[in-house]
Amino acid sequence: MSTVKLTIDGKTAEVSNQLTVLQAAKTVGIDIPALCYDETLEIFGACRMCIVEIEGSSKLQTACSTLVKEGMVVHTETERVVWNRKQTLQMLLDSHPNDCLTCHKAGECLLQDYAYRYDVNFRKHDGEIRPQLLDTTSPYILRDNSKCILCGKCVMTCAQVSDRQVLSFAERGYETRVIFGADESIEESPCVSCNRCVAVCPVGALVDKRDMDKIRSWEAETKIVGCKACEYGCEFEVRSRNRKPVSVVAKAPTNGRPLCLKGRLTTELKYLDNPDAPYRKLDKSFEKTTWDKALQITELLEKIERLEGSNKDGEGEE
Ligand code: SF4
Ligand code: SF4
Ligand code: SF4
């Protein structure tokens with residue numbers, strides 16, 4: 001590994017030769033837009049939002065998958081780059097519901113952010129729009145396939161945990177879509193409701209159902225907390241309004257931190273005054289349950305009761 005010097009939008013970056021142009025740009029404060037890139041996931045290079053011009057190359061290059069080189073000169077916002085990004089965004093919006101006003105993801109949606117940044121709007125057209133496929137079967141996840149931009153992040157993050165791998169792509173071309181299990185509902189699929197996929201989805205295709213109707217992103221005071229349910233210490237975001245915690249959402253899924261439902265429910269119980277009732281999946285359906293069963297501590301509680309009972313029985317005895 002060695003250090004290379006390159007120029008990005010006139011700024012000099014001195015970085016490891018193992019970094020990509022996108023990562024190097026970040027070190028000098030330049031934010032290259034990307035919908036499918038996530039530093040914890042494999043490089044997919046599907047969205048083509050991160051294209052840049054590199055002097056000496058006639059083709060536009062994807063910054064997420066191009067390694068830096070000594071003396072490289074990169075331009076991230078040229079007229080050509082911006083024109084191509086606008087085309088990409090327009091294509092995505094053309095097959096996307098015009099739903100930002102009521103979408104739970106509004107305010108933290110990358111597609112919305114980039115459409116604003118590059119001044120691209122929804123428009124009337126005669127072409128196809130992705131069909132709506134709402135899946136409301138899970139008490140933890142709401143899925144709206146018409147908003148999916150096929151970035152692949154959910155598929156990759158779910159596959160990082162060896163016993164999951166619930167998500168995959170089905171069909172081809174315009175019909176391509178992400179499916180749960182063998183094209184089942186969330187409830188019927190082997191999904192364990194860890195919400196890793198929800199945490200990485202850049203749009204409103206997968207949203208946290210327990211956060212919906214509680215708070216909008218722009219009014220939330222947020223605090224990142226570590227889960228205490230096991231040694232992984234996965235991260236969750238506690239969202240508060242007027243300093244009163246109202247919801248907990250999963251954050252930061254990585255290879256090392258699996259995220260799990262038990263951790264999320266434990267964090268809800270710890271921070272929320274009035275958490276929604278927990279649900280657990282039995283075979284292929286969700287059922288409302290009690291907190292001790294959801295957190296799998298029924299046996300522990302019974303043991304504590306037994307111990308406390310035997311301590312009381314022994315009280316006064318010498
Ligand atoms: S996913 Fe984003 S762009 Fe689509 S409706 Fe929701 S906020 Fe708007
Ligand atoms: S909630 Fe977890 S297990 Fe279910 S599909 Fe998403 S990442 Fe996979
Ligand atoms: S559901 Fe979300 S994360 Fe998954 S491919 Fe669609 S947009 Fe990407």
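The values are calculated or read from the model by the stated rules, or taken from the named source; none is laboratory data. Since this is a predicted model, take the numbers as computed values, not measurements. Glycine gets a Cβ as well: all are built from the backbone with ideal geometry, and neighbour counts include every protein chain shown. Keep in mind that these areas ignore ligands, DNA and RNA; they rest on the heavy atoms of the full protein, side chains included. Shrake-Rupley method; radii C 1.70, N 1.55, O 1.52, S 1.80 Å.
Do we have any residue at all in the stretch 178-189 that's hydrophobic (A, V, I, L, M, F, W, C) and away from ligand 3 (no atom under 14 Å from the Cβ)?
For the stretch 178-189, residues hydrophobic (A, V, I, L, M, F, W, C) and away from ligand 3 (no atom under 14 Å from the Cβ): present.
For the structure I just gave you, tell me whether Val200 is buried (at least 21 other Cβ atoms within 10 Å of the Cβ) and touching a residue at least 24 places away in the same chain (Cβ under 8 Å). Spell out the reasoning first.
Working: buried (at least 21 other Cβ atoms within 10 Å of the Cβ): yes; touching a residue at least 24 places away in the same chain (Cβ under 8 Å): yes.
Against the criterion (buried (at least 21 other Cβ atoms within 10 Å of the Cβ) and touching a residue at least 24 places away in the same chain (Cβ under 8 Å)), Val200 qualifies.
Would you point out which residue out of Leu150, Leu142, Leu133, Leu110 is in contact (Cβ under 8 Å) with a residue 40 or more places away in the chain, open to solvent by 10 Å² or more (accessible area, probe 1.4 Å) and at positive phi?
Leu150
Residues checked against (1) open to solvent by less than 50 Å² (accessible area, probe 1.4 Å); (2) among the acidic types (Asp, Glu); (3) over 22 Å from the mean Cα position of the chain (by Cα); (4) farther than 13 Å from Asp9 by Cα:
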{"position": "Ile30", "(1), (2), (3), (4)": "yes, no, yes, no"}
{"position": "Leu41", "(1), (2), (3), (4)": "yes, no, no, yes"}
{"position": "Phe44", "(1), (2), (3), (4)": "no, no, no, yes"}
{"position": "Glu70", "(1), (2), (3), (4)": "no, yes, yes, yes"}
{"position": "Val81", "(1), (2), (3), (4)": "yes, no, yes, no"}
{"position": "Thr88", "(1), (2), (3), (4)": "yes, no, no, yes"}
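Only residues that are open to solvent by 50 Å² or more (accessible area, probe 1.4 Å) and in a loop (DSSP other than H, G, I, E, B): list them for the stretch 1-28, please.
Initial filter on the stretch 1-28 (open to solvent by 50 Å² or more (accessible area, probe 1.4 Å)): 1-3, 5, 9-12, 14, 18, 23, 26-27.
Correct list: Met1, Ser2, Asp9, Gly10, Gln18.
Within the stretch 263-289, can you find the residues that are out of contact with any helix residue (DSSP H, G or I) (no Cβ under 8 Å at 6 or more places or on another chain) and hydroxyl-bearing (Ser, Thr, Tyr)?
Thr266, Thr267, Tyr271, Ser285, Thr289
Look through the stretch 277-314, keep the residues that are part of a helix (DSSP H, G or I) and touching a Pro at 6+ places or on another chain (Cβ under 7 Å), and return whichever of them is modelled with the highest pLDDT.
Trp291
Restricted to the stretch 162-181, and to residues that are within 13 Å of ligand 2 (Cβ to nearest atom) and open to solvent by 30 Å² or more (accessible area, probe 1.4 Å), which residue is modelled with the highest pLDDT?
Residue satisfying both the conditions and the ranking: Ser168.
Which residue out of Leu134, Leu111 is within 16 Å of ligand 1 (Cβ to nearest atom), at pLDDT 95 or above and of a type in the set (A, V, I, L, M, F, W, C)?
Selected residue: Leu111, the only one of Leu134, Leu111 that is within 16 Å of ligand 1 (Cβ to nearest atom), at pLDDT 95 or above and of a type in the set (A, V, I, L, M, F, W, C).
I'd like the full set of residues that are more than 18 Å from the chain's Cα centre (by Cα) and assigned to a strand (DSSP E or B), limited to the stretch 155-181. Even if it seems obvious, please write down each step before you answer.
Taking the stretch 155-181 and keeping what is more than 18 Å from the chain's Cα centre (by Cα), we get 162-163, 170-176, 181.
Scanning the stretch 155-181 gives a single hit, Ala170.
Just give me the residues in the stretch 276-291 being open to solvent by 30 Å² or more (accessible area, probe 1.4 Å), closer than 27 Å to Glu221 by Cβ and of a type outside the set (Phe, Trp, Tyr), in sequence order.
Correct list: Asp276, Ala277.
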